[in-house]
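The values are calculated or read from the model by the stated rules, or taken from the named source; none is laboratory data. The model shown is predicted, which means the values in this text are computed figures rather than measured ones. Here the Cβ positions follow ideal geometry from the backbone for every residue, glycine too, while neighbour counts run over all protein chains shown. Note: areas computed on protein heavy atoms with side chains; ligands, DNA, RNA excluded. Shrake-Rupley method; radii C 1.70, N 1.55, O 1.52, S 1.80 Å.
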Amino acid sequence: MGSPQSAAPSKIHEDLINDKRWQLVQRIVSSPPFQKSTRLRDLLQFITEQTIHGKAHELTEQHIGNLLFHKPFDYSPLDDSSVRVHARQLRLKLHEYFNEEGRNELLILDIPKGSYAPAFREASKPSETPIAIAPAAIPRPTWDRRTVIPWILCGILATMCVIVSYRVAPHRVGAVVAIPAALSWPSSQIFDVRHQTIIVVADSNYGISRIEAGQTGSLDQYLRGNFARKALSRESKADLRLDEYMANSTLTSFADVADVVSLYRMAGPLQSQVSVRYPRDLRMRDLDHNNCIFIGSPGSNPWVLLLQDKLNFRENEAAVGKSAKVFLNLHPLPGEQQQYEGLRWTGTAGEDYATISLLPNPTHDGSVLALQGLQQEGTEAAGRFLADEENRRQLMNALGVSKSDSIPQNIWFEALIRSRASSGAPSSTTLVAVRRIHESPGLE
(Lines give C-alpha, C1' and ligand atoms only; values in the text may rest on other atoms or scores of the structure.)
Protein backbone atom coordinates (compact mmCIF):
# COMPACT_ATOMS: atom_id res chain seq x y z
CA MET A 1 0.00 0.00 0.00
CA GLY A 2 1.41 3.36 -0.98
CA SER A 3 2.11 6.10 1.47
CA PRO A 4 -0.85 8.46 1.93
CA GLN A 5 -0.69 11.99 0.74
CA SER A 6 0.25 14.53 3.37
CA ALA A 7 -2.49 15.22 5.85
CA ALA A 8 -1.27 18.75 6.43
CA PRO A 9 -3.87 21.21 5.14
CA SER A 10 -3.49 22.01 1.48
CA LYS A 11 -4.22 25.61 2.31
CA ILE A 12 -3.27 26.61 5.82
CA HIS A 13 -5.70 29.20 7.08
CA GLU A 14 -4.48 32.06 9.20
CA ASP A 15 -6.67 30.95 12.11
CA LEU A 16 -4.91 27.56 12.01
CA ILE A 17 -1.42 29.05 11.99
CA ASN A 18 -2.22 31.28 14.96
CA ASP A 19 -3.95 28.56 16.98
CA LYS A 20 -1.82 27.46 19.95
CA ARG A 21 -3.06 23.89 19.49
CA TRP A 22 -1.79 23.78 15.92
CA GLN A 23 1.51 25.35 16.99
CA LEU A 24 1.91 22.63 19.60
CA VAL A 25 1.26 19.93 16.99
CA GLN A 26 3.92 21.43 14.71
CA ARG A 27 6.47 21.21 17.52
CA ILE A 28 5.44 17.62 18.16
CA VAL A 29 5.71 16.43 14.54
CA SER A 30 9.14 18.10 14.30
CA SER A 31 10.46 16.19 17.32
CA PRO A 32 12.71 13.07 17.09
CA PRO A 33 9.99 10.53 18.01
CA PHE A 34 8.06 11.47 14.86
CA GLN A 35 10.92 11.74 12.36
CA LYS A 36 10.72 8.14 11.16
CA SER A 37 6.96 7.98 10.62
CA THR A 38 5.35 10.18 7.99
CA ARG A 39 2.02 8.45 8.51
CA LEU A 40 1.90 9.29 12.23
CA ARG A 41 2.77 12.91 11.47
CA ASP A 42 0.03 13.07 8.87
CA LEU A 43 -2.48 11.41 11.18
CA LEU A 44 -1.80 13.85 14.03
CA GLN A 45 -2.04 16.90 11.77
CA PHE A 46 -5.20 15.61 10.10
CA ILE A 47 -7.14 14.94 13.30
CA THR A 48 -5.94 18.23 14.81
CA GLU A 49 -7.05 20.26 11.80
CA GLN A 50 -10.45 18.53 11.79
CA THR A 51 -10.88 19.20 15.51
CA ILE A 52 -9.88 22.88 15.32
CA HIS A 53 -12.33 23.38 12.47
CA GLY A 54 -15.19 21.88 14.51
CA LYS A 55 -15.30 18.49 12.80
CA ALA A 56 -14.19 16.31 15.70
CA HIS A 57 -17.49 14.44 15.55
CA GLU A 58 -16.57 13.21 12.04
CA LEU A 59 -13.36 11.53 13.19
CA THR A 60 -14.47 7.93 13.08
CA GLU A 61 -12.30 4.98 12.12
CA GLN A 62 -14.13 4.65 8.80
CA HIS A 63 -13.76 8.37 8.02
CA ILE A 64 -10.01 8.41 8.70
CA GLY A 65 -9.49 5.21 6.75
CA ASN A 66 -11.26 6.64 3.70
CA LEU A 67 -9.81 10.17 3.67
CA LEU A 68 -6.32 9.73 5.08
CA PHE A 69 -5.34 6.09 4.45
CA HIS A 70 -7.13 5.95 1.08
CA LYS A 71 -9.12 2.85 1.93
CA PRO A 72 -12.00 1.84 -0.36
CA PHE A 73 -15.26 3.53 0.54
CA ASP A 74 -16.81 0.23 1.63
CA TYR A 75 -13.81 -1.17 3.51
CA SER A 76 -14.56 -2.87 6.84
CA PRO A 77 -12.68 -1.72 10.00
CA LEU A 78 -13.50 -5.14 11.46
CA ASP A 79 -11.17 -6.77 8.94
CA ASP A 80 -8.62 -3.94 8.61
CA SER A 81 -7.29 -2.57 11.90
CA SER A 82 -4.63 -0.25 10.43
CA VAL A 83 -6.34 2.93 11.68
CA ARG A 84 -6.59 1.57 15.22
CA VAL A 85 -3.00 0.36 15.13
CA HIS A 86 -1.70 3.76 14.00
CA ALA A 87 -3.85 5.54 16.57
CA ARG A 88 -2.36 3.37 19.32
CA GLN A 89 1.17 4.07 18.04
CA LEU A 90 0.37 7.77 17.96
CA ARG A 91 -0.73 7.71 21.61
CA LEU A 92 2.57 6.05 22.54
CA LYS A 93 4.61 8.60 20.57
CA LEU A 94 2.73 11.46 22.24
CA HIS A 95 3.42 9.86 25.61
CA GLU A 96 7.12 9.69 24.70
CA TYR A 97 7.18 13.33 23.53
CA PHE A 98 5.63 14.76 26.71
CA ASN A 99 7.91 12.63 28.90
CA GLU A 100 11.03 13.85 27.09
CA GLU A 101 11.30 16.78 24.63
CA GLY A 102 7.90 18.20 25.55
CA ARG A 103 8.04 17.86 29.32
CA ASN A 104 7.99 21.68 29.69
CA GLU A 105 5.08 22.29 27.33
CA LEU A 106 2.32 24.44 28.82
CA LEU A 107 -0.33 22.68 26.73
CA ILE A 108 -0.77 18.90 26.78
CA LEU A 109 -2.29 16.86 23.94
CA ASP A 110 -3.99 13.53 24.54
CA ILE A 111 -6.03 11.22 22.35
CA PRO A 112 -8.51 9.65 24.79
CA LYS A 113 -9.21 5.93 24.48
CA GLY A 114 -12.32 5.35 22.41
CA SER A 115 -11.74 8.54 20.42
CA TYR A 116 -9.72 9.79 17.47
CA ALA A 117 -10.07 13.49 18.31
CA PRO A 118 -7.18 15.14 20.17
CA ALA A 119 -7.98 16.68 23.56
CA PHE A 120 -5.95 19.61 24.86
CA ARG A 121 -5.45 20.77 28.43
CA GLU A 122 -3.12 23.10 30.26
CA ALA A 123 -0.27 21.24 31.96
CA SER A 124 -0.77 23.09 35.24
CA LYS A 125 -4.50 22.35 35.34
CA PRO A 126 -5.01 18.60 34.74
CA SER A 127 -8.52 18.60 36.14
CA GLU A 128 -9.95 21.04 33.60
CA THR A 129 -12.26 19.87 30.84
CA PRO A 130 -10.33 19.28 27.58
CA ILE A 131 -10.74 21.80 24.76
CA ALA A 132 -11.67 19.24 22.11
CA ILE A 133 -15.22 18.06 21.50
CA ALA A 134 -15.71 14.37 22.21
CA PRO A 135 -16.46 12.45 18.98
CA ALA A 136 -18.82 9.59 18.40
CA ALA A 137 -17.91 6.18 19.80
CA ILE A 138 -15.62 4.02 17.69
CA PRO A 139 -16.95 0.69 16.43
CA ARG A 140 -15.20 -2.36 17.89
CA PRO A 141 -14.69 -5.82 16.42
CA THR A 142 -17.06 -8.59 17.38
CA TRP A 143 -15.72 -11.38 19.59
CA ASP A 144 -16.37 -15.01 20.29
CA ARG A 145 -18.29 -14.96 23.56
CA ARG A 146 -16.38 -17.97 24.85
CA THR A 147 -13.17 -15.95 24.86
CA VAL A 148 -14.50 -12.50 25.67
CA ILE A 149 -16.75 -13.20 28.69
CA PRO A 150 -13.84 -13.44 31.19
CA TRP A 151 -12.49 -10.14 29.90
CA ILE A 152 -15.91 -8.51 30.17
CA LEU A 153 -16.09 -9.53 33.83
CA CYS A 154 -12.72 -7.90 34.44
CA GLY A 155 -13.91 -4.85 32.53
CA ILE A 156 -16.89 -4.57 34.86
CA LEU A 157 -14.50 -4.41 37.80
CA ALA A 158 -12.55 -1.65 36.07
CA THR A 159 -15.79 0.25 35.44
CA MET A 160 -16.67 -0.03 39.13
CA CYS A 161 -13.29 1.51 39.89
CA VAL A 162 -13.98 4.46 37.59
CA ILE A 163 -17.47 4.97 39.04
CA VAL A 164 -16.02 5.22 42.52
CA SER A 165 -13.62 7.95 41.36
CA TYR A 166 -16.49 10.21 40.30
CA ARG A 167 -19.15 9.42 42.85
CA VAL A 168 -18.35 12.03 45.49
CA ALA A 169 -18.89 15.77 45.01
CA PRO A 170 -17.15 18.37 47.21
CA HIS A 171 -18.82 18.99 50.58
CA ARG A 172 -20.36 22.45 50.66
CA VAL A 173 -21.86 24.73 53.27
CA GLY A 174 -23.91 27.18 51.29
CA ALA A 175 -21.52 28.17 48.48
CA VAL A 176 -18.35 27.59 50.49
CA VAL A 177 -16.41 24.33 50.56
CA ALA A 178 -16.38 22.95 54.11
CA ILE A 179 -13.01 22.56 55.83
CA PRO A 180 -12.52 18.82 56.45
CA ALA A 181 -11.77 17.48 59.89
CA ALA A 182 -8.25 16.16 60.53
CA LEU A 183 -7.67 12.60 59.32
CA SER A 184 -5.91 9.96 61.40
CA TRP A 185 -2.44 8.80 60.41
CA PRO A 186 -1.43 7.58 57.84
CA SER A 187 -4.48 8.93 55.98
CA SER A 188 -3.36 12.45 56.90
CA GLN A 189 -0.13 11.87 54.99
CA ILE A 190 -1.85 10.47 51.90
CA PHE A 191 -4.89 12.74 51.60
CA ASP A 192 -4.75 16.50 52.16
CA VAL A 193 -6.38 19.69 50.92
CA ARG A 194 -3.24 20.93 49.18
CA HIS A 195 -2.73 17.97 46.84
CA GLN A 196 -4.63 15.71 44.52
CA THR A 197 -4.27 12.01 45.34
CA ILE A 198 -4.00 9.73 42.29
CA ILE A 199 -4.79 6.04 42.84
CA VAL A 200 -3.10 3.91 40.18
CA VAL A 201 -4.65 0.43 39.87
CA ALA A 202 -2.97 -2.63 38.35
CA ASP A 203 -3.07 -3.57 34.66
CA SER A 204 -4.28 -7.18 34.46
CA ASN A 205 -3.43 -7.33 30.75
CA TYR A 206 0.22 -6.56 31.46
CA GLY A 207 0.36 -9.29 34.08
CA ILE A 208 -1.06 -11.83 31.63
CA SER A 209 1.40 -10.77 28.91
CA ARG A 210 4.36 -11.20 31.27
CA ILE A 211 3.33 -14.71 32.25
CA GLU A 212 2.61 -15.69 28.65
CA ALA A 213 5.98 -14.37 27.47
CA GLY A 214 7.93 -15.54 30.52
CA GLN A 215 9.67 -12.14 30.72
CA THR A 216 9.90 -9.63 33.55
CA GLY A 217 9.30 -6.42 31.60
CA SER A 218 10.13 -2.90 32.78
CA LEU A 219 8.41 0.42 33.34
CA ASP A 220 10.08 1.84 30.22
CA GLN A 221 8.85 -1.04 28.05
CA TYR A 222 5.38 -0.73 29.54
CA LEU A 223 5.09 3.01 28.89
CA ARG A 224 6.38 2.65 25.34
CA GLY A 225 3.78 -0.05 24.76
CA ASN A 226 6.17 -2.42 23.01
CA PHE A 227 6.50 -5.15 25.63
CA ALA A 228 3.78 -7.44 24.27
CA ARG A 229 4.77 -6.91 20.64
CA LYS A 230 8.39 -7.84 21.30
CA ALA A 231 7.70 -10.61 23.78
CA LEU A 232 4.95 -12.47 21.94
CA SER A 233 4.87 -13.96 18.47
CA ARG A 234 1.36 -14.16 17.09
CA GLU A 235 0.21 -15.96 14.00
CA SER A 236 -3.54 -16.52 13.94
CA LYS A 237 -6.10 -13.77 13.46
CA ALA A 238 -7.76 -14.75 16.72
CA ASP A 239 -4.51 -14.17 18.61
CA LEU A 240 -3.95 -10.86 16.87
CA ARG A 241 -7.47 -9.72 17.74
CA LEU A 242 -6.89 -10.73 21.36
CA ASP A 243 -3.64 -8.72 21.41
CA GLU A 244 -5.48 -5.74 19.97
CA TYR A 245 -8.18 -6.05 22.61
CA MET A 246 -5.68 -6.35 25.45
CA ALA A 247 -3.70 -3.36 24.18
CA ASN A 248 -6.76 -1.10 24.16
CA SER A 249 -8.81 -2.36 27.12
CA THR A 250 -8.46 -1.29 30.74
CA LEU A 251 -8.79 -4.36 32.95
CA THR A 252 -7.92 -4.59 36.63
CA SER A 253 -8.55 -7.06 39.46
CA PHE A 254 -11.23 -7.34 42.13
CA ALA A 255 -8.50 -6.83 44.75
CA ASP A 256 -7.70 -3.42 43.26
CA VAL A 257 -11.36 -2.41 43.25
CA ALA A 258 -11.66 -3.48 46.90
CA ASP A 259 -8.59 -1.44 47.82
CA VAL A 260 -9.91 1.61 45.96
CA VAL A 261 -13.14 1.44 47.96
CA SER A 262 -11.17 1.15 51.23
CA LEU A 263 -8.95 4.09 50.29
CA TYR A 264 -11.93 6.28 49.44
CA ARG A 265 -13.38 5.55 52.86
CA MET A 266 -10.05 6.46 54.45
CA ALA A 267 -10.07 9.79 52.58
CA GLY A 268 -13.29 10.76 54.39
CA PRO A 269 -14.24 14.39 53.62
CA LEU A 270 -11.32 14.67 51.16
CA GLN A 271 -12.76 12.18 48.68
CA SER A 272 -13.21 14.95 46.13
CA GLN A 273 -9.39 15.26 46.04
CA VAL A 274 -9.04 11.64 44.89
CA SER A 275 -9.04 10.20 41.36
CA VAL A 276 -8.33 6.78 39.87
CA ARG A 277 -5.91 6.28 36.98
CA TYR A 278 -4.97 3.30 34.83
CA PRO A 279 -1.18 2.74 34.90
CA ARG A 280 -0.56 3.25 31.18
CA ASP A 281 -2.38 6.60 31.38
CA LEU A 282 -0.04 7.91 34.09
CA ARG A 283 2.95 10.09 33.24
CA MET A 284 6.08 10.64 35.29
CA ARG A 285 5.22 14.32 35.64
CA ASP A 286 1.95 13.33 37.36
CA LEU A 287 3.96 12.31 40.42
CA ASP A 288 5.22 15.87 40.86
CA HIS A 289 3.27 17.95 43.40
CA ASN A 290 0.69 15.18 43.90
CA ASN A 291 0.09 12.29 46.27
CA CYS A 292 0.06 8.90 44.53
CA ILE A 293 -1.04 5.41 45.56
CA PHE A 294 0.22 2.42 43.56
CA ILE A 295 -1.80 -0.78 43.91
CA GLY A 296 -0.33 -4.12 42.84
CA SER A 297 3.03 -5.80 42.32
CA PRO A 298 5.68 -4.98 39.67
CA GLY A 299 4.18 -7.78 37.58
CA SER A 300 0.86 -5.96 37.16
CA ASN A 301 1.68 -2.34 38.04
CA PRO A 302 5.21 -1.53 36.87
CA TRP A 303 5.06 1.90 38.54
CA VAL A 304 5.94 0.25 41.86
CA LEU A 305 9.36 -0.50 40.35
CA LEU A 306 10.23 3.12 41.11
CA LEU A 307 10.27 2.23 44.81
CA GLN A 308 12.10 -1.09 44.77
CA ASP A 309 15.70 0.09 45.21
CA LYS A 310 14.66 2.17 48.23
CA LEU A 311 13.10 -0.70 50.16
CA ASN A 312 14.36 -3.56 52.33
CA PHE A 313 11.59 -6.01 51.36
CA ARG A 314 11.81 -6.58 47.60
CA GLU A 315 9.74 -8.85 45.42
CA ASN A 316 11.61 -11.57 43.55
CA GLU A 317 10.41 -14.11 40.98
CA ALA A 318 13.01 -16.63 39.80
CA ALA A 319 11.10 -17.60 36.64
CA VAL A 320 8.14 -15.50 35.53
CA GLY A 321 4.96 -17.56 35.71
CA LYS A 322 6.85 -20.73 36.68
CA SER A 323 7.93 -20.15 40.27
CA ALA A 324 6.41 -18.76 43.44
CA LYS A 325 7.09 -15.10 44.17
CA VAL A 326 8.84 -14.11 47.39
CA PHE A 327 9.79 -10.99 49.33
CA LEU A 328 13.53 -10.93 49.93
CA ASN A 329 14.54 -9.51 53.32
CA LEU A 330 17.80 -7.77 52.42
CA HIS A 331 18.79 -6.99 56.02
CA PRO A 332 17.05 -9.46 58.38
CA LEU A 333 16.67 -8.47 62.00
CA PRO A 334 16.75 -11.08 64.80
CA GLY A 335 13.76 -13.40 64.49
CA GLU A 336 13.07 -12.48 60.85
CA GLN A 337 13.33 -14.76 57.81
CA GLN A 338 15.57 -14.07 54.85
CA GLN A 339 12.63 -14.45 52.49
CA TYR A 340 8.84 -14.78 52.67
CA GLU A 341 7.12 -16.96 50.08
CA GLY A 342 3.50 -16.33 49.10
CA LEU A 343 0.81 -18.24 47.25
CA ARG A 344 1.85 -20.10 44.11
CA TRP A 345 -1.25 -18.87 42.28
CA THR A 346 -4.04 -16.51 43.16
CA GLY A 347 -7.22 -18.33 44.20
CA THR A 348 -5.42 -21.02 46.21
CA ALA A 349 -5.50 -21.41 49.98
CA GLY A 350 -2.58 -20.56 52.24
CA GLU A 351 -0.45 -17.60 53.26
CA ASP A 352 0.35 -14.61 51.12
CA TYR A 353 2.45 -11.55 51.84
CA ALA A 354 2.25 -7.87 51.01
CA THR A 355 4.17 -4.70 51.72
CA ILE A 356 2.84 -1.27 52.59
CA SER A 357 5.38 1.42 51.72
CA LEU A 358 5.22 5.19 52.15
CA LEU A 359 7.85 7.47 50.63
CA PRO A 360 8.07 11.10 49.47
CA ASN A 361 7.14 12.03 45.92
CA PRO A 362 9.83 13.29 43.48
CA THR A 363 9.23 16.95 44.42
CA HIS A 364 9.26 16.20 48.19
CA ASP A 365 5.95 17.96 48.75
CA GLY A 366 3.69 14.90 48.79
CA SER A 367 3.64 11.16 49.42
CA VAL A 368 3.70 7.94 47.41
CA LEU A 369 2.00 4.93 48.99
CA ALA A 370 2.38 1.41 47.56
CA LEU A 371 0.17 -1.58 48.40
CA GLN A 372 2.07 -4.49 46.88
CA GLY A 373 0.96 -8.10 47.31
CA LEU A 374 2.71 -11.16 45.93
CA GLN A 375 -0.74 -12.26 44.71
CA GLN A 376 -4.10 -10.48 44.57
CA GLU A 377 -4.99 -11.80 48.03
CA GLY A 378 -1.96 -10.05 49.49
CA THR A 379 -2.74 -6.79 47.71
CA GLU A 380 -6.31 -6.80 49.02
CA ALA A 381 -5.06 -7.66 52.51
CA ALA A 382 -2.78 -4.61 52.49
CA GLY A 383 -5.76 -2.35 51.85
CA ARG A 384 -7.80 -4.06 54.55
CA PHE A 385 -4.94 -3.69 57.03
CA LEU A 386 -4.69 0.07 56.52
CA ALA A 387 -8.45 0.50 56.75
CA ASP A 388 -8.59 -1.06 60.25
CA GLU A 389 -8.03 1.29 63.20
CA GLU A 390 -6.51 -1.39 65.43
CA ASN A 391 -4.05 -2.37 62.71
CA ARG A 392 -3.03 1.26 62.26
CA ARG A 393 -2.41 1.51 66.02
CA GLN A 394 -0.19 -1.58 65.87
CA LEU A 395 1.71 -0.09 62.96
CA MET A 396 2.30 3.16 64.86
CA ASN A 397 3.56 1.26 67.90
CA ALA A 398 5.89 -0.87 65.76
CA LEU A 399 7.30 2.30 64.22
CA GLY A 400 7.88 3.76 67.67
CA VAL A 401 5.16 6.39 67.44
CA SER A 402 2.66 6.51 70.29
CA LYS A 403 -0.86 7.72 69.62
CA SER A 404 -0.49 10.18 72.48
CA ASP A 405 2.64 11.66 70.92
CA SER A 406 2.64 14.53 68.51
CA ILE A 407 2.93 12.70 65.20
CA PRO A 408 5.66 14.14 62.94
CA GLN A 409 4.50 15.72 59.72
CA ASN A 410 6.03 12.89 57.65
CA ILE A 411 6.72 9.29 58.65
CA TRP A 412 8.34 7.24 55.89
CA PHE A 413 8.25 3.49 56.34
CA GLU A 414 7.72 0.03 54.90
CA ALA A 415 5.77 -2.78 56.54
CA LEU A 416 5.50 -6.48 55.72
CA ILE A 417 2.01 -7.99 56.11
CA ARG A 418 1.03 -11.68 56.22
CA SER A 419 -2.48 -12.77 55.30
CA ARG A 420 -4.38 -16.04 55.41
CA ALA A 421 -6.29 -16.59 52.19
CA SER A 422 -8.91 -18.99 50.87
CA SER A 423 -11.17 -18.95 47.82
CA GLY A 424 -9.39 -15.91 46.41
CA ALA A 425 -9.90 -13.61 49.43
CA PRO A 426 -7.86 -12.75 52.54
CA SER A 427 -9.42 -13.82 55.85
CA SER A 428 -6.92 -12.31 58.30
CA THR A 429 -3.92 -9.98 58.37
CA THR A 430 -0.86 -9.86 60.64
CA LEU A 431 1.95 -7.30 60.88
CA VAL A 432 5.23 -9.21 60.43
CA ALA A 433 7.98 -6.59 60.26
CA VAL A 434 8.53 -2.85 59.78
CA ARG A 435 11.33 -0.53 58.75
CA ARG A 436 11.37 3.16 59.56
CA ILE A 437 12.86 5.13 56.67
CA HIS A 438 14.39 8.12 58.42
CA GLU A 439 15.93 9.74 55.36
CA SER A 440 14.71 9.13 51.86
CA PRO A 441 15.83 10.68 48.58
CA GLY A 442 12.28 10.37 47.23
CA LEU A 443 11.39 8.92 43.86
CA GLU A 444 13.48 9.96 40.90
Rounded to a whole number, the Stokes-Einstein D of the range 325-420 in µm²/s (Kirkwood radius over Cα pairs; 37 °C; 0.692 mPa s) is 224
What do you reckon, how do His57, His86 stack up by accessible area (1.4 Å probe), largest on top? His57, His86
Given a 1.4 angstrom probe, what's the average accessible area per residue across the range 275-318, in square angstrom? 29
Tell me, what ³J(HN,Hα) does each residue in the range 379-390 have, in order and in whole Hz, if you take phi through Karplus 6.51 cos²θ - 1.76 cosθ + 1.60 with θ = phi - 60° and put x for Gly and Pro? 4, 5, 5, 4, x, 5, 4, 5, 6, 9, 4, 5
So how much slack lies between Ser422 and Glu390, counting 0.36 nm per residue of separation and subtracting their Cα-Cα distance, in nm? 9.2 nm
Give me the percent of accessible area attributable to carbon and sulfur for the range 239-337, probe 1.4 angstrom. 54
Report the extension gain between Leu328 and Ala123 in nm, rounded to one decimal, defined as 0.36 nm multiplied by the number of residues separating them, less their alpha carbon distance. 69.9 nm
Any idea how far apart Gln308 and His364 come out in nm if each label point goes 7 Å out from Cα toward Cβ? 2.6
Starting from the Cα of Asn397, step 7 Å along the direction of its Cβ; do the same at Asp288; then give the gap between the two resulting points in nm. 4.3
Using a probe radius of 1.4 Å on heavy atoms only, what accessible surface per residue do you get for the range 13-109? Whole Å² is fine. 46
How would Met284, Met396 line up by accessible area, probe 1.4 Å, largest first? Met284, Met396
Once you put a point 7 Å from the Cα of Val320 and another 7 Å from the Cα of His438, both along the Cβ direction, what distance in nm separates them? 3.9
